[in-house]
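Engineer: Have a look at this one.
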Amino acid sequence: MRNIRHHPKPETLAEYAAGRLDEARSVVVSTHLTLCKECSRSVVDFEALGGACLETVEPEAMQAGSLAAFWERAGDQDILVSPSMHGFEAANDFSLSAAQPLGAYLDVDVDRIKWRAVAPGVSQHVLDAEGYRDGVLRLLKIAPGVQLPMHTHKREELTLIIRGAYRDAIGEFRPGDLADLDDDIEHAPTAFGDEDCICLIATSAPLVFKDLIGKIVQPFVGL
Amino acid sequence: MIRGRAVIGAEILIVTSARPNKNVSSGSSEAMSDLLGRVATSGDRAAFGELYDYFAPRVKGYLMRGGSPADLADDLAQETMLKVWRKARLYDPAKAGAATWIFTIARNLRIDAARRAAKPTLDPDDPSLSPEGEQPADERMERADRDKKIKAAFEALPEAQHEVVRLHFIEDAAHSEIAERLGLPLGTVKSRLRLAFTKIRKELGDLDA
């Protein structure tokens, strides 16, 4: 993958590592992580910090006979003792990123998505990622040359470029880049290049796009 | 070489939410990683029992801070340790501390519990047991070193930052609720977190001091 220029803020990665992000945001972040070694490493750092914090938690006594109950639950199933050839397997195999790549939320290939037009040159596909906490996950497709109306974000928005490219006042965003936008940032991205720009976007509040041409602008406010 | 660690573990148990004594706690962290390493290589049940006594009550505390009722937290803590036992062979003490690994397992179970509560039909076995790709040996060695540095940097944080970092990772409350509880503006909580993260990255040599 080419060099990624735009990354989530450290605070966002820290929220991800702490398990604080809603499902929509964690899908966007974890998809970025599959592409970005640097951020993956930061997340592991934050997980180590989480481990240090876990050790400071006030212990709550387990129920009486807990360990005996544990062995009963574990049954005779001994662990598979590692043969030395497996010694190099990753220890941290419970990462969130393994759990939630975008693929798990797409029932079809990106090229077969049923897009719903929301404005000329703009269409979207809402993904079912409202599993826990608020948050909406959607794919947005913008035709080259099309500019989204200027908008701000009611709360933070995470946008990951999947395909194509767009530019706005912040810079140029290409596949793998993630725009981690505060609520006070105003922008009007314009897709450019030869192909449609497809972005994966997590926002806080459910948002209904309207097909009516006269309401084109409104839906993008708070996108 | 690890015999007698249960005693150290018991000392730790006395330390509650206050900041643990640094020396005891880091010594014990390494001891725990050694124990888990022993479980990984030989399936040592006695070693696992010591790990259980140390971590299960902490994981239960963590889950209760995340809003689980005591019974559920007890059950999920046991489930966390069950995953630790069953997946122990994947653990590599050179790569990560036991606490880090167990934290990620407990965190994922906490998320799954929240998700199940919101979406009862979801497959409870869905989460993420798929291994990550392998890492080169030099990266793994570096990882263990970073874990230690991160823990040391965390323990060296000024109290105010130490506290918000703890709450960030342990409490399942929005930053605004944490701010309210501490009687601080939300901006202060966020800036303390940022400062803490920056300080830790400096300790790691990721940023210029």
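The values are calculated or read from the model by the stated rules, or taken from the named source; none is laboratory data. Treat the numbers as computed from the prediction; the structure is a model and nothing was measured. When we count neighbours, we look across all protein chains shown, and the Cβ atoms used for this are built from the backbone with ideal geometry, even at glycine. Keep in mind that these areas ignore ligands, DNA and RNA; they rest on the heavy atoms of the full protein, side chains included. Shrake-Rupley method; radii C 1.70, N 1.55, O 1.52, S 1.80 Å.
Engineer: For the stretch B:46-76, which residues satisfy the criterion of being crowded, with 22+ Cβ neighbours inside 10 Å and not in a helix (DSSP H, G or I)?
Structural biologist: B:Ser68
Engineer: Scanning the stretch B:36-47 for residues that are at the interface with another protein chain (Cβ under 9 Å from one of its Cβ atoms) and over 14 Å from B:Pro93 (Cα atoms), which turns out modelled with the lowest pLDDT?
Structural biologist: Out of the qualifying residues, it is B:Gly43.
Engineer: Examine the stretch A:38-54 for a residue that is exposed (fewer than 14 other Cβ atoms within 10 Å of the Cβ), closer than 30 Å to B:Leu157 by Cβ and modelled with pLDDT of 90 or more, and state whether such a residue exists.
Structural biologist: Within the stretch A:38-54, one or more residues are exposed (fewer than 14 other Cβ atoms within 10 Å of the Cβ), closer than 30 Å to B:Leu157 by Cβ and modelled with pLDDT of 90 or more.
Engineer: Kindly check whether there is at least one residue in the stretch B:8-30 that is at pLDDT 50 or above and open to solvent by 10 Å² or more (accessible area, probe 1.4 Å).
Structural biologist: Scanning the stretch B:8-30 turns up at least one residue that is at pLDDT 50 or above and open to solvent by 10 Å² or more (accessible area, probe 1.4 Å).
Engineer: Please report, ordered by residue number, the helices (runs of 4 or more DSSP H) entirely within the stretch A:1-80 with at least 1 residues that are without any contact (Cβ under 8 Å) to a residue 12 or more places away in the chain and either touching a helix residue (DSSP H, G or I) at 6+ places or on another chain (Cβ under 8 Å) or at positive phi (or both).
Structural biologist: A:10-17, A:37-54, A:66-74
Engineer: Filter the stretch B:175-209 for residues that are surrounded by 13 or more Cβ atoms within 10 Å (Cβ to Cβ) and not in a helix (DSSP H, G or I); which is farthest from the chain's Cα centre (by Cα)?
Structural biologist: B:Leu184
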